Amino acid sequence: MKIAFFDAKPYDKPSFEKYGQEKGIKLKYFETKLNEDTVDLAKGFDGVCAFVNDTINAVVIDKLNEMGVNVLALRCAGFNNVDMKYAYGKLHVLRVPAYSPYAVAEHTMALLLTSIRRIHKAYIRSRDYNFSLANLTGFDLHGKTVGVIGTGRIGRVFIDICRGFGMRVLAYDKFKANDLDNGDTIRYVELDELFENSDIISLHCPLTEETNHIIDENALEKCKKGVVILNTSRGGLVDAEALLMGIKSRKVGAACLDVYEEESDIFFEDNSGHIMEDDTLARLISMPNVIVTSHQAFLTEEALENIAETTVNNLISFFENNECENELCYRGGNTQDCKSGKCF
Ligand code: NAI
């Protein structure tokens, strides 16, 4: 079985080589992203493997179809970069639903602590033998209220971590878990109550039409002055312009972003020798109270191993049994897990 592996990075290869060789899958690594301009590279392959910033739109799906490639193995959980509606009946879409919720939740807390204890500033100062403490005053997390939007796998691990710090949790989810709300330190509330009462807001829901810009000007207006916004989920959840305005007006106390709406042409690449064309991102990065990482939250050894193992198993299962428990399917206006493998 030959798979075209797009947006390949050096850290992907060791685990994919290990599991690929074990299971007899030949992977051809392409550094370029999968999109309308590069899809022709998939000619002659049995399937394609893609990541978060590849673009699998109608044109790409049609071209894959013409080439007889009808399997897309996403090596990530989110699938907002795939036109699932258009893919229905044309492309089998496999994914890795969970690989390490700890990786993402722990990175979220790392960003929060870095930001509010000014570690990013202190690190640079002490490297320059500047041991002044001026302007490094932070605040305790203990006793603060964190609003968590999305209480799935990652959201719940993040809630556990926050509880370890003695924080109170206000949670919001379209589909509530029935074993989470304890009526005291963790409570499900409506979005407005979460916005109005949270010192920190962390996003852990998928990007959908409903959640697009869930943090916008209107939402920020309802928030407490000094609110800290954490986004390690998907860039489109936050209206970056509105966030920038909120920071400039001092309404937002700090923001930690591992994802950015327009990240696909920027993140994962070394742009240090280039002029930054995206003024909003450039301005956000220039702020002393904004920390940006480059969609790095997943990047742990454990997660990379799990991603490779599950992706390879998904492909084997699909090609050997014509079904895969991690296949996605668009039916009745919703993307959902497709257990039958017989959706088209
Ligand atoms: P999950 O599927 O376990 O949980 C998502 C939760 O969001 C579910 O409880 C679901 O009910 C809820 N949800 C769905 N629609 C909603 C809405 N309209 N409003 C509020 N909540 C809604 O997913 P998991 O594994 O916890 O991942 C969450 C997100 O994290 C993913 O969608 C992905 O975008 C992001 N992610 C980011 C990574 C990174 O490296 N930065 C790595 C992995 C995931």
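Round to a whole number: what % of the accessible area of the chain belongs to carbon and sulfur, probe 1.4 Å?
On the way: 7960 of 16680 Å².
Carbon plus sulfur share of accessible area: 48 percent.
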Which aspartates and glutamates, on any chain, are close to residue 18 with Cα under 16 Å apart, when same-chain ones fewer than 8 places away are left out? 301, 302, 305, 309
With residue 211 itself left out, Lys, Arg at +1 and Asp, Glu at -1 over residues whose Cβ is under 13 Å from its Cβ give -4
Gyration tensor on Cα atoms of region 89-236, a ≥ b ≥ c root eigenvalues, a/c under 1.5 rounded, else prolate if a/b beats b/c, else oblate, says prolate
Mean separation of Cα contacts under 8 Å (at least 6 apart) over the residue count of region 89-179, i.e. the relative contact order in percent, is 30
As a quick test, which of the pairs 174/224; 9/43; 2/28; 121/222 have an alpha carbon distance above 18 angstrom in this structure? 174/224; 9/43; 121/222
Between residue 241 and residue 217, with labels modelled 7 Å along Cα→Cβ, what's the label distance in nm to one decimal, could you check? 0.8
How much accessible surface does residue 263 have with a 1.4 Å probe, in Å² rounded to 10? 10
Taking only protein heavy atoms and a 1.4 Å probe, the highest-to-lowest accessible-area order of 234, 117 is 117, 234
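I need to check one value: relative contact order of region 210-305, counting alpha carbon pairs closer than 8 Å and at least 6 residues apart, in percent.
Values: 124 pairs, mean separation 26.7, N = 96.
Relative contact order here is 28 percent.
Taking Cα pairs under 8 Å and at least six residues apart, what relative contact order does region 101-292 come out at, in percent?
Contact order relative to length: 18 percent.
Give the calculated FRET efficiency between residue 142 and residue 294 to the nearest 0.05, with a Förster radius of 35 Å applied to their Cβ-Cβ distance. Before the final figure, lay out each step's value.
Working: r = 30 Å, r/R0 = 0.87.
Given R0 = 35 Å and the Cβ-Cβ separation, E is 0.70.
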Arranged from highest to lowest average of other beta-carbon atoms within 10 Å per residue, in what order do the peptides 279-288, 266-275 appear? 279-288, 266-275
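State whether region 8-70 is rounded, prolate or oblate according to the following rule on the C-alpha gyration tensor (a ≥ b ≥ c being the square roots of its eigenvalues): a/c under 1.5 gives rounded; otherwise a/b larger than b/c gives prolate, and the remaining case gives oblate.
Oblate shape, in that a/c is at least 1.5 and b/c is the bigger or equal ratio.
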Rounded, prolate or oblate: which fits the chain, taking a ≥ b ≥ c as square roots of the Cα gyration tensor eigenvalues, rounded meaning a/c under 1.5, else prolate when a/b beats b/c? prolate
Quickly estimate the mean residue ellipticity at 222 nm for the chain, helices only: each DSSP H run with n ≥ 4 gives -39500 (n - 2.57), and the total goes over all residues, rounded to 500. -9500 deg cm²/dmol
Cα centroid distance between region 101-123 and region 214-282, in Å? 16
Kindly state, to the nearest 0.05, the FRET efficiency for residue 85 paired with residue 184, given R0 = 51 Å and r defined as their beta-carbon distance. 0.75
Would you mind putting 30-41, 182-193 in packing order, based on average other-beta-carbon counts within 10 Å, highest first? 30-41, 182-193
Whenever you get a sec, line up 292, 157 from highest to lowest accessible area (probe 1.4 Å, protein heavy atoms). 292, 157
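Per residue, how much accessible surface does region 101-292 expose to a 1.4 Å probe? Answer in Å², no decimals. List each step's numbers first, then the result.
Values: 9900 Å² over 192 residues.
Heavy-atom SASA per residue in region 101-292 reads 52 Å².
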Just to verify a number: what accessible area does residue 88 come out at with the full protein assembly present, 1.4 Å probe, Å² rounded to tens? 90
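The values are calculated or read from the model by the stated rules, or taken from the named source; none is laboratory data. Since the model is a prediction, treat every value here as computed from it, not as a measurement. Note that each Cβ is placed from the backbone with ideal geometry, even for glycine, and that neighbours are counted across all protein chains shown. Note: accessible area is taken over every heavy atom of the protein model, side chains too, but ligands, DNA and RNA are not part of it. Shrake-Rupley method; radii C 1.70, N 1.55, O 1.52, S 1.80 Å.
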